[in-house]
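Novice: Sharing a structure here in structure tokens format.
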Amino acid sequence: MGIMTKEDNKKFGMFAGVFTPTVLTILGAIMYLRTGWVVGNAGLGGAITIILLAHVITVSTGLAVSSVVTNTRVGAGGAFAIISQSLGLEVGGSVGIPLFLAQGISIALYVLAFTESWLRIYPTHIEAIVAILSFIAVFGIVYISAQFASKTQFIILGIVGFSLFSVFLASFPIAGNAGLTETPVIWGEFADGSFWDTFAVFFPAVTGIMVGISMSGSLRDARKDIPIGTMSAIGLTLLVYLALAYWLSRIASPEELLNNTTLMVDKAFWNWAILAGMLGATFSSALGSLVAAPRVMQALALHEIIPFSSFFAKESADGEPRQAMFFAGGTGFVALLVALLGGGLDSIAGVITMFFLITYSMLNVVVLIEQVLDTVSFRPTFSVSRVVPLIGALSSTFVMFLINSVFSLIAIILVFALYAYLTRRHLASLESDVRSGLFESMAEWAVKRTRRMPSAQERTWKPVVLVPIRSVNTLSGSYRFLRAMTYPKGTVRTLGIYTNDNQEKLKGLEMLTKAFVDDGIYANATILEEDDFVNGVRMTTQILRNTFFRPNILFLHLRPESDLKELQDLIDKTAAYQMGIALLDRHHLVELGREQIIHVWVSNQGPNWEHDLHQSNLDLAILLAYQLAENWNATITLNMSVPDEETAEKAREFLAQLISLARLPKETNFSVLTFPFNEAINQTPHADLTVFGLSKEPDLKFVQKLSQQVKGSCIFIRGSGEESVLA
């Protein structure tokens, strides 16, 4: 047994922190003031259906939450903490903010219910004054101390229990009491709203589980207290509601139940006990909501999700979130004023229902995802079947749209808008965030499925570039070019190869690789110690050749001082691994200029001049030119050198058809020159980049000489045979 600390003394146990506030919130305003109306409108069978359907959602959510909290340490914020720890702060915040608003608005709901009960005793009192004074009393008690508010709930729990005992005694014909004399109406006529309207009014009764769960940060042992306290409270209150529905159907006619919201007072054995219970339960529910809501807001602030987070995250010396409490109180007070001006208790109940249903749905989704991932780290001491959270998630979403499809859509749009906003904020990731595991599992599933299918490289091709370097300066100089070459769907794999004496030259490689990621390109870096640069590239290529998203382009640099023998070895030894080659001339790199004009040289396609799925060595050259043109907003010109005018006519027809079949941009041009190749190069206008094909056995001395002849930067391309510009 652990040693109790001073901090633990300030926290709540299971009975005070979870069970009592949950029971009192569930057996609150709706039980005393609306259960009779539900029975009168829906009949006994309809009321039991509504109660059970509401508890299907609540029980599945309670079980799901109980499972997940026994697997992890739940921080402050209850449902927000559970969702955030699994799906990230963006999802947690997008649900947590509406949850806070729902709990804040709940304060107004319970204050209005208390007022309605008060006016039953003192009908001449002014509703607005009673409501405002009641709100001030609730806020005053919670402001003094949450512990003080908790202690008052024990007394109220006793009063509520005694009021239910008074209901039980009224079932018998004693002391002048008539007992159960009415014949139950099994299915009502729904004269005062449809089935789902009736459900929407009743459902806030069972949202009390959020009060206990939201206390997670203030519990001594949330892992133990939440499951036991929540499920025992749900089980007890379910029995109470079912018994009460039966009692109401036997104690009064449907007309009485519909027209008298305080009928329980008239029919109980001691009417004063019901009045005391009504006042106590509704007042206690308001206390519970005002205790829970600030703690959700404080949790949001601790993760800097809401504006003025540093202000709302503060606590007083006695551990109370005072600033968040004032804001939660203000939210409830505004809702109260709106309701007093004409909205009423039922309209507030409908609004709260939507926000809680979204939260319930997300809680179940979190548990379902954890179960589907089936990671070793998910081993809750309380396990539930996957069917449980699946039922909870589907029923919560389904019921939302049945109640009010328009408002459900608005609520979901609000959640997605908050998610989009929080995503742009780039919030920190929690260590327990399972999103990476989720995506990894999805990727694993996709890889397994893909391996079973015939390959379709031509249709799914995208640049996956391997960039071997000795110095980070080499990569830095080509960064913008590589970005344009791969954005947005491509990949950059950097390979830093070093010997014992030059590792410092690769310092900063990880940071520069991360810059690609920040620019929206998937990238990773590998550092390899190897004396032989060519052998290092060859080994890496062999290792990666059977991986998913394997490199399909080897990106090399051509300089005046380049070791042509080493380049030749790299090109020759990677040819067997089905990798394309992109050899960038660095001599003129500064002359990329405005990045607006790209020339692609097409070899003479005679004598057949046919368009095949694979265009010799042309596919990769045109695909990369297209990729660069898209990112530079540049125009492409296809150039060809032919010996005579007769051939030129065929060449023009071929290039025009190629542009059409390859779906190149309509701005794409072509040029056919009747000069020898070396002269034709000098006859073409200046280009920011010129693309040449690279033969299977290239003469790199000729390539280097050609690069010096071109007026600007150039790149030499050899395809792997897996690309097709016509696919």
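The values are calculated or read from the model by the stated rules, or taken from the named source; none is laboratory data. Only a predicted model underlies this, so the values are computations on that prediction, with no experimental measurement involved. FYI the Cβ positions are ideal-geometry reconstructions off the backbone, even for glycines, and counts take in every protein chain you see.
Novice: Can you tell me how many residues in region 186-228 are closer than 15 Å to residue 363 by Cβ and assigned to a loop (DSSP other than H, G, I, E, B)?
Specialist: Final tally of qualifying residues: 1.
Novice: If I filter region 152-169 for residues that are surrounded by 14 or more Cβ atoms within 10 Å (Cβ to Cβ), within 43 Å of the chain's Cα centre (by Cα) and more than 28 Å from residue 54 (Cα to Cα), do I get at least one hit?
Specialist: Yes: region 152-169 contains one or more residues that are surrounded by 14 or more Cβ atoms within 10 Å (Cβ to Cβ), within 43 Å of the chain's Cα centre (by Cα) and more than 28 Å from residue 54 (Cα to Cα).
Novice: A further question on this structure: In region 359-398, what residues are assigned to a helix (DSSP H, G or I) and hydroxyl-bearing (Ser, Thr, Tyr)?
Specialist: If the condition is that a residue be assigned to a helix (DSSP H, G or I) and hydroxyl-bearing (Ser, Thr, Tyr), then 359, 360, 361, 395, 396, 397 are the ones that fit.
Novice: Follow-up. If residue 725 meets every condition in (1) assigned by TED's automatic domain parsing to the domain that holds residue 482; (2) under 41 Å from the mean Cα position of the chain (by Cα); (3) within 14 Å of residue 600 (Cα to Cα); (4) in a loop (DSSP other than H, G, I, E, B) apart from one, which number is that one?
Specialist: Just one mismatch for residue 725, condition (1).
Novice: In region 675-689, what count of residues is obtained for those that are surrounded by fewer than 18 Cβ atoms within 10 Å (Cβ to Cβ), polar (S, T, N, Q) and either within 28 Å of residue 574 (Cα to Cα) or in contact with a strand residue (DSSP E or B) (Cβ under 8 Å, 6 or more places away or on another chain) (or both)?
Specialist: Here the count works out to 1.
Novice: Hey, among 287, 300, which residue is among the hydrophobic types (A, V, I, L, M, F, W, C), buried (at least 24 other Cβ atoms within 10 Å of the Cβ) and under 30 Å from the mean Cα position of the chain (by Cα)?
Specialist: Within the list 287, 300, the selection yields 300.
Residue-by-condition table, conditions (1) outside any loop (DSSP other than H, G, I, E, B); (2) surrounded by fewer than 19 Cβ atoms within 10 Å (Cβ to Cβ):
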site	(1), (2)
475	yes, no
480	yes, yes
489	no, yes
501	no, yes
505	yes, yes
515	yes, yes
537	yes, no
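Novice: Which one of the conditions (1) in contact with a His (Cβ under 7 Å, 6 or more places away or on another chain); (2) modelled with pLDDT of 90 or more does residue 674 fail to meet, given that it meets all the rest?
Specialist: If we test residue 674 against (1) in contact with a His (Cβ under 7 Å, 6 or more places away or on another chain); (2) modelled with pLDDT of 90 or more, just (1) comes out false.
Novice: OK, next. Going through 387, 406, 399 one at a time, which residue ends up being modelled with pLDDT of 85 or more, closer than 29 Å to residue 195 by Cα and aliphatic (A, V, I, L, M)?
Specialist: Step by step, each of 387, 406, 399 is checked, and only 387 is modelled with pLDDT of 85 or more, closer than 29 Å to residue 195 by Cα and aliphatic (A, V, I, L, M).
Novice: Separate question: Can you tell which of 129, 97, 83 is assigned to a helix (DSSP H, G or I), modelled with pLDDT of 85 or more and within 34 Å of the chain's Cα centre (by Cα)?
Specialist: 97
Novice: Let me ask another. Can you find even one residue in region 223-240 that is in contact with a helix residue (DSSP H, G or I) (Cβ under 8 Å, 6 or more places away or on another chain), surrounded by 24 or more Cβ atoms within 10 Å (Cβ to Cβ) and of a type in the set (D, E, K, R)?
Specialist: yes
Novice: Here's another thing I want to ask about it. With the requirement that a residue be over 16 Å from residue 684 (Cα atoms) and either in contact with a Leu (Cβ under 6 Å, 6 or more places away or on another chain) or assigned to a helix (DSSP H, G or I) (or both), what does region 627-651 give you?
Specialist: Those that are over 16 Å from residue 684 (Cα atoms) and either in contact with a Leu (Cβ under 6 Å, 6 or more places away or on another chain) or assigned to a helix (DSSP H, G or I) (or both): 627, 628, 629, 630, 631, 632, 645, 646, 647, 649, 650, 651.
Novice: Related question: Which residues, taken from region 652-689, are farther than 17 Å from residue 633 by Cα, part of a strand (DSSP E or B) and of a type outside the set (Ser, Thr, Tyr)?
Specialist: 670, 672, 673 - these are the residues of region 652-689 that are farther than 17 Å from residue 633 by Cα, part of a strand (DSSP E or B) and of a type outside the set (Ser, Thr, Tyr).
Novice: Ok, one more. Regarding residue 692, is this residue surrounded by 13 or more Cβ atoms within 10 Å (Cβ to Cβ), in the same structural domain as residue 573 (by TED's automatic domain parsing) and in a strand (DSSP E or B)?
Specialist: So residue 692 fits the description; yes.
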